[in-house]
1. Could you state the accessible area per residue of the chain in Å², with a 1.4 Å probe and every protein chain left in place?
2. Provide the solvent-accessible area of residue 61, counting protein heavy atoms only and rolling a 1.4 Å probe, rounded to the nearest 10 Å².
3. In sequence order, what are the phi-derived ³J(HN,Hα) couplings for the range 202-216 according to the Karplus relation 6.51 cos²θ - 1.76 cosθ + 1.60 with θ = phi - 60°, rounded to whole Hz, with x for glycine and proline?
4. How large, in percent, is the carbon and sulfur part of the accessible surface of the chain at a probe radius of 1.4 Å?
5. If you place +1 on the Cβ of every Lys and Arg and -1 on the Cβ of every Asp and Glu, how big does the dipole about the Cα centre of the chain come out, in debye to the nearest 20?
6. In whole Hz, with x marking every Gly and Pro, tabulate ³J(HN,Hα) for the range 137-143 from phi via Karplus 6.51 cos²θ - 1.76 cosθ + 1.60, θ = phi - 60°.
7. Once you keep just the Cα pairs under 8 angstrom separated by 6 or more residues, what percentage relative contact order results for the chain?
8. Just the number, please: Stokes-Einstein D of the range 4-89 in µm²/s, Kirkwood Rh from C-alpha pairs, 25 °C, 0.890 mPa s.
Amino acid sequence: MISNLTYADSELENNLAAELELEWFLPYDFPLDIQNRAVISLSEAEEDKFDLWFKKLYLREKFGPFNASIGRQPISWSYGALINPVDYSLGAENLEEESRAKFVDGLELYYPINWGSGLTFVASNLENQKEHKWALRGRTTFRGYDLSASYVNTPLEAETDLERYGLTAKGDLGPVGAYGAYGLWQSDQIDYDIYQLGTDYSYNFQAGSRLYLQAEYLRLEGLKGDISAFDLFNLESSTSDEENGSEGRNNLDFINTNLSYEIDEFSSIGIMTVSYLDDGSTLFIPNYSYLFGSNLLLELRGSIAAGSEGEVLGGDAKGLEINLSYTF
């Protein structure tokens, strides 16, 4: 059960939703490897209409040297960043939030080269598009560092295809972790260069609690038009909303942080922030979770924008999501 509370323009709105998530486990001697997870949802905002959809429903098989999966499946190229600018589906795991965008209808072929190295090909359907979105990704390890290179081709309705090139690296520098990414996006309308550099650190206390710190710098070069409407959490969709009347190009610089404290094995508390350096506007995202002994999980997640209406991350809207789930 999910309750979304939003406060804006001196009005408090609440949207209630309920979901039942089911997974069927097949016998061990079943001839096919079918991965599945179905969701039955009921939302107050959708006029009490039931919605049945599959998070995943795909067949997984091995064909010679390839591992293949076809159907609705999760495609995620995460590497520990708070905001991933080089993922297959952008907006899929923004600030660790799972969404339907992560699950696509398509085909994935994986060719393992050796331990820690392999090549991946992905092709998936797009709404209202006859052509398919497709991608190639290579991943390997070198001297303890995890390295990847990717290419994603996304068909657009009125433009040439959006081409996205990506590089990522992740490893340890002594007691701290370090990661970085570079993305190049090109089409008729855009020409972006995206740079990211981040670090993380965790400390385990003797009492069993754990402190986790993370910070990253994100820079986007080449944005045209009005940046006040720029959607940081869905960069791909924002490419079609730019105002082309402006010849000038803007560079956007962000600092993202995550501070979390696992109090014990049942509860944790933390806060994430996203700050736009040019105008100082900041988005605060506090969170708290508590697991009751009966598999009942309570999750609280807030959203507070600190900045004026015209700033990139500004506005007076405040939100609170209350999620109550039971695993059986």
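1. Values: 18780 Å² over 328 residues.
Result: 57 Å² of accessible area for each residue.
2. Residue 61 has an accessible surface of roughly 60 Å² with all protein chains in place.
3. Whole-Hz 3J(HN,Hα) from phi for the range 202-216: 10, 9, 9, 7, 5, 6, x, 7, 9, 10, 10, 10, 8, 8, 8.
4. Values: 10460 of 18780 Å².
That fraction is 56 percent.
5. On the way: 22 positive and 53 negative charges, 334 e Å.
For this selection, approximately 1600 debye.
6. Once rounded to whole Hz, the list reads 8, x, 9, 7, 10, 8, 6.
7. Details: 808 pairs, mean separation 34.9, N = 328.
Contact order relative to length: 11 percent.
8. Values: Rh = 16.7 Å.
It diffuses with D of about 147 µm²/s by this estimate.
The values are calculated or read from the model by the stated rules, or taken from the named source; none is laboratory data. Computed from a predicted model, the values in this text were never measured in an experiment. Cβ atoms come from the backbone with ideal geometry, glycine included; neighbour counts cover every protein chain shown. Quick note on the areas: whole protein, heavy atoms, side chains included, nothing else; ligands and nucleic acids left out. Shrake-Rupley method; radii C 1.70, N 1.55, O 1.52, S 1.80 Å.
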